[in-house]
2 protein chains.
Amino acid sequence: MVLLSNNLMKKTFDAFQRALPHIQELHAYVPGEQPQGAGWVKLNTNENPYPASPKVAQAVAAELSNLRKYPEPTSARLRAAIGQRYGLTQQNVIIGNGSDNILDLITRCFVSEPGAGHTVPSYSLYPVVAGMSGQALADVAFDRSMRLDVEALAATQAKVFYLTNPNAPTGVAFPLPQIEAALQAIDGLLVVDEAYVDFGGESAVALLQDYENLIVVRTFSKSYSLAGMRVGFALAAAPIIEILDRVRDAYNLDRIAQAAALAAFEDVETFERQRQQVMATRETTRAALDALGWFSYPSATNFLFTEPKNAQGESGPEVAASLFAHLKAQRVLIRYFPAHPLTCAFIRVSIGTDAEMDVFLTAAQSWLNHA
Amino acid sequence: MVLLSNNLMKKTFDAFQRALPHIQELHAYVPGEQPQGAGWVKLNTNENPYPASPKVAQAVAAELSNLRKYPEPTSARLRAAIGQRYGLTQQNVIIGNGSDNILDLITRCFVSEPGAGHTVPSYSLYPVVAGMSGQALADVAFDRSMRLDVEALAATQAKVFYLTNPNAPTGVAFPLPQIEAALQAIDGLLVVDEAYVDFGGESAVALLQDYENLIVVRTFSKSYSLAGMRVGFALAAAPIIEILDRVRDAYNLDRIAQAAALAAFEDVETFERQRQQVMATRETTRAALDALGWFSYPSATNFLFTEPKNAQGESGPEVAASLFAHLKAQRVLIRYFPAHPLTCAFIRVSIGTDAEMDVFLTAAQSWLNHA
């Protein structure tokens, strides 16, 4: 549409001024870069380097003749399979169009004054989902130890507290007794976002039996290799799920997404083999970074958060930025978070195949040789 | 999870009481019945009786090796193709996970006191999306003529007015001059929901050039045979799209949905042939209902809204309910809306294949013979 100048319009509408105040202030989530073209080693968005289960292609093919018909609205088969796997029932499970969808549902249903809470640093979507509902978001700051401050968490009085465990972008896992201490200490809901738990974290699912104020959120994007399909789920007491379902789009998952996720979930052998491989590659890579004298947090995820040192043994924001730029110039894409004092001297590297990590390490070595 | 009784829980949480007040009051959308098992003639949810374009299967297959990677976040290729088709640009288009997703985005961004508005009867999702955001919804009542009352529409002072054109469940199309009159009369946004427009309605897209307070919403669920894929789109001035994008889930469409919708959109030949066939079958069916002496509204959609008469020439709620039950017993599923005086004496019949409509008409005749 060639937008005419306002005075030629028969009716004008100032969309920005007409948007609700909290929407005017909102900053949309910035996804990790998706480079176009071939030749990139893409270690920037924590995707699984291995393809989805071969069962997925079969399941998708079987749905192709049904696309003219609406999907089953609740993703019932997927709920049942997930409930059973975790010793729960279908009534304890909700499926989202990605776990981001579920984080939004939780926020819309349960967050009011004084707002939500999260740790800093953690997943950068939490400020966006809180902001989309016009709610404040209290920060609980880490120090360099990355230990969880349960008292500070409770002191926020957040209606919903989002906790990524294992955390991102650090990779650090919080032990289960700390999660339980948080559940005891708070009045609101604790959302434990376990996007990365399959790579070595301890799941809070076992705590659902004793704590009704817990929601565990999972995704098919990482350990099931289905980032391209947008499927996440949450586990909680049945009354919480019933509330969340009220705000869920009636048909939030398409037929193919439901079928693909179910096929991937049921192929336990592929899942198990791939997550073990990712963890093995992570430890090999970590040892190589250790050998360079670079500090890395212990990772229970499919990425490493590492503080690079240059050839002079210096670390800091300039050093991390220099490494990021050098790698990008060599078409190795990693993630750099310059905005926070606890992240600006680090880089985050997703775990790819062994061959990809070799390319990364070779490029890092070439930076050391030339920086 | 076997939920223990509250006094054995280490921490209880009353989800209903903790939900926001407007969520406590919310009634979730009730989708049309999706019968399990074979043998049904399913004429209840306005699905296209013909399969999606064969190009869809090819496009889906081409994405299968990429599922481990996140999708392109904005559905850029689809936006570009749609923008070009309608003489607009990519900046005038947003893609939703179904058009329901877009209706929710519009509501979240632009509805505040005194709320939104809609006509009654129309699409039963509007009360749900308004309620999900805690907003009131003003009713503009039709009378039996189903003519649009533009003055009453403007008098609601709605921040956003949802208008289904052609309307559902009546099938009646509103002429473009009435849409333009509404755009002139209102202060807020007019959302023209054109889910059915490809079956004979007049699109408001041409009015986008003159009216910045217009949003046209479309879906791939009906005329593109992709109800199972959840893809909708909206066309509006670029500043409106920019606001809606702030609240959109960063990855709201998966890879396969993007690819499938693009393939269906570009297969103009299949689209054109199928919509012509649906319209032809509609008119044949309508003639058969006319021959029975049943009143039907003129339909510009893929369904008919018809007031059945029994063998005694009587119409009314009991007659419509009796026909609905008789058809269901014969595994012919249609839709019946008993809750409103303007709908309770009618049935809504989606247009299937010619063979399916013959089954429907035969079953209706058997009801006439036995009721």
Nearest-0.05 FRET efficiency for A:Glu272 and B:Asn66 at R0 = 25 Å, using Cβ-Cβ distance, is 0.60
In nm, the gap between the two label points placed 7 Å beyond Cα toward Cβ at A:Arg77 and B:Ser124 is 2.7 nm
Label points for B:Ala81 built 7 Å along Cα→Cβ; distances to same position in the other copies, nm, shortest first, come to 2.9
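Sort B:57-66, B:239-248 for me by packing, meaning the mean count of neighbouring Cβ atoms within 10 Å per residue, highest on top. Present the calculation step by step, with values, prior to reporting the outcome.
Working: B:57-66: 16.8, B:239-248: 21.3.
The most tightly packed comes first, giving B:239-248, B:57-66.
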When B and A pair up, the total accessible heavy-atom area removed from solvent (1.4 Å probe), in Å² to nearest 100, is 8100 Å²
Test assert for the stretch A:47-79: residues whose accessible surface shrinks by at least 40 Å² between chain alone and all chains, 1.4 Å probe, equal A:Glu47, A:Leu64, A:Leu67, A:Arg68, A:Tyr70
Partner shielding of A:14-24, taken as the mean number of other chain Cβ atoms within 10 Å, equals 6
Surrounding charge for B:Glu266, neighbours by C-beta under 13 angstrom, Lys/Arg +1, Asp/Glu -1, total 0
Probe 1.4 Å, all chains present, heavy atoms only: B:Trp40 accessible area in Å², nearest 10, is 60 Å²
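Please report, as a whole percent, how much of the solvent-accessible surface of the stretch A:148-202 comes from carbon and sulfur atoms (probe radius 1.4 Å). All intermediate terms of the calculation are to be shown ahead of the outcome.
Numbers: 750 of 1600 Å².
Of all accessible area on the stretch A:148-202, carbon and sulfur atoms account for 47 percent.
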Phi-derived 3J(HN,Hα) across the stretch A:180-193 with the Karplus relation (6.51, -1.76, 1.60, θ = phi - 60°), rounded Hz, x for Gly and Pro, is 5, 4, 5, 4, 5, 7, 9, 9, x, 9, 9, 9, 9, 8
B:Asp143 and B:Asp14 label points (each 7 Å along its Cα→Cβ direction) are spaced in nm at 4.9 nm
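Under a point-charge model restricted to the Cβ atoms of Lys and Arg (+1) and Asp and Glu (-1), what is the dipole moment magnitude of the protein assembly as shown relative to its Cα centre, in debye to the nearest 20?
Roughly 900 debye, rounded to the nearest 20.
Could you give the alpha-carbon Rg of the protein assembly as shown over 2.2 N^0.38 Å, rounded to two decimals?
Numbers: Rg = 27.1 Å, N = 742, 2.2 N^0.38 = 27.1 Å.
This ratio for the protein assembly as shown stands at 1.00.
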Output row for A:Lys10: copy-to-copy label distances, label 7 Å along Cα→C-beta, ascending, in nanometres, one decimal, is 6.6
Averaged over residues of B:201-212, the number of beta carbons from other chains lying within 10 Å of each residue's Cβ is 3
Note: the stretch A:266-371, point scatterers on Cα, Debye, no solvent; log10 I/I(0) at q = 0.13, 0.14, 0.19 Å⁻¹ equals -0.46, -0.53, -0.91
Amide H neighbours of A:Thr119 at under 5 Å, excluding residues fewer than 5 places away on the same chain, with H built from the backbone geometry, are A:Val140, A:Thr164
Taking a straight Cα-to-Cα line shorter than 15 Å from A:Lys69, and setting aside same-chain aspartates and glutamates fewer than 8 residues away, one finds A:Asp254, B:Glu33, B:Glu47
Residue-ordered couplings for the stretch A:267-275, obtained by feeding phi - 60° into the Karplus form 6.51 cos²θ - 1.76 cosθ + 1.60 and rounding to whole Hz (Gly and Pro as x), are 8, 5, 5, 4, 3, 5, 4, 6, 5
homo-copy label distances at B:Gln24 (7 angstrom along Cα-Cβ), nm, one dp, ascending, are 3.2
Rounded to a whole number, the mean other protein chain Cβ count within 10 angstrom for residues of A:312-321 is 0
For the pair B:Phe337 and B:Gln365, the simple spin-label estimate (label points 7 Å beyond Cα toward Cβ) gives in nm 3.0 nm
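The values are calculated or read from the model by the stated rules, or taken from the named source; none is laboratory data. Only a predicted model underlies this, so the values are computations on that prediction, with no experimental measurement involved. Cβ coordinates were reconstructed from backbone atoms using ideal geometry, including for glycine residues, and neighbour counts include every protein chain displayed. These area figures cover heavy atoms from the full protein model, side chains too; ligands, DNA and RNA do not enter into them. Shrake-Rupley method; radii C 1.70, N 1.55, O 1.52, S 1.80 Å.
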